[in-house]
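**Q** My structure is below; once you've seen it, I'll send some questions.
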Amino acid sequence: MSKDEKTNKDLFSPAEHNLFESFLNKFERQLEPPSTKKATKKRATPYEKGTKTGRARKAPHELLSEEQKKANHIASEQKRRANIRIGFEQLVHVVPALDTTHRSEAIILQKSVEYIKRLIDDKNKLKDKVRQLQLTLGETPDPDSSEGELDYPF
């Protein structure tokens, strides 16, 4: 036994020495690169075999740093906002009342709902007119498979 080991043994009780060794071992394992770490038990996900959904297991992802997670989140949010903007632009081009007015998102949605209601009313009126014309001609009106389908609850 070296002089340092003898001095350390005198300073710590055997229990303290074991606790300190355990701490050092855990600390050293945390410093190891991810590829050499021991596998830890993962929580069950809906993608694992044997679960109620019966889906195949999802491929494992590499661990991302906090900066990478943040960058991914920011990029996803920007993509989501861009898709929403594209949707509103498409509504502006489709809904006639939105061509020249100031177009806040709330106005775009309100005018779109009004336009859809008007289209539904127009379609229902045309269907009624077709039925009336068929009756005038002595024909049996065609059964309408979409009867009541366009009655809007709003």
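**Q** Run the accessible area of region 66-141 with a 1.4 Å probe and give the carbon-and-sulfur part as a rounded percent.
**A** On the way: 3520 of 6210 Å².
For region 66-141, the apolar C and S fraction of the accessible surface comes to 57 percent.
**Q** Oh, and also: Using the heavy atoms of the protein chains alone and a 1.4 angstrom probe, what is the accessible area of region 66-141 per residue in square angstrom? If you can, show how the numbers build up before the last one.
**A** Numbers: 6210 Å² over 76 residues.
I get 82 Å² per residue for region 66-141.
**Q** At a Förster radius of 30 Å, what calculated FRET efficiency corresponds to the Cβ-Cβ distance of residue 115 and residue 142, to the nearest 0.05?
**A** Numbers: r = 27 Å, r/R0 = 0.92.
Using R0 = 30 Å, I get an efficiency of 0.65.
**Q** Working out 0.36 nm times the residue gap between residue 133 and residue 15, then minus their Cα-Cα distance, what length gain in nm do you get to one decimal? Before the final figure, lay out the partial values.
**A** On the way: separation 118, 0.36 × 118 = 42.48 nm, distance 9.84 nm.
Result: 32.6 nm gained on full extension.
**Q** Could you work out the local net charge near residue 118, counting Lys and Arg as +1, Asp and Glu as -1, over the other residues with Cβ closer than 11 Å to its Cβ?
**A** Values: positive: 111, 117, 123, 125; negative: 114, 121, 122.
Here the count lands on +1.
**Q** While we're on this one: Between residue 102 and residue 126, how high is the FRET efficiency from 1/(1 + (r/R0)^6) when r is the Cβ-Cβ distance and R₀ = 41 Å? Nearest 0.05. Let's see the in-between values first.
**A** Working: r = 33 Å, r/R0 = 0.80.
With R0 = 41 Å, the Cβ-Cβ based efficiency is 0.80.
The values are calculated or read from the model by the stated rules, or taken from the named source; none is laboratory data. Since the structure is predicted, the reported quantities are computational estimates derived from the model, not experimental observations. We place every Cβ from the backbone using ideal geometry, glycine too, and count neighbours over all the protein chains shown. Side chains are part of the model used for accessible areas, which takes the heavy atoms of the whole protein and leaves out ligands, DNA and RNA. Shrake-Rupley method; radii C 1.70, N 1.55, O 1.52, S 1.80 Å.
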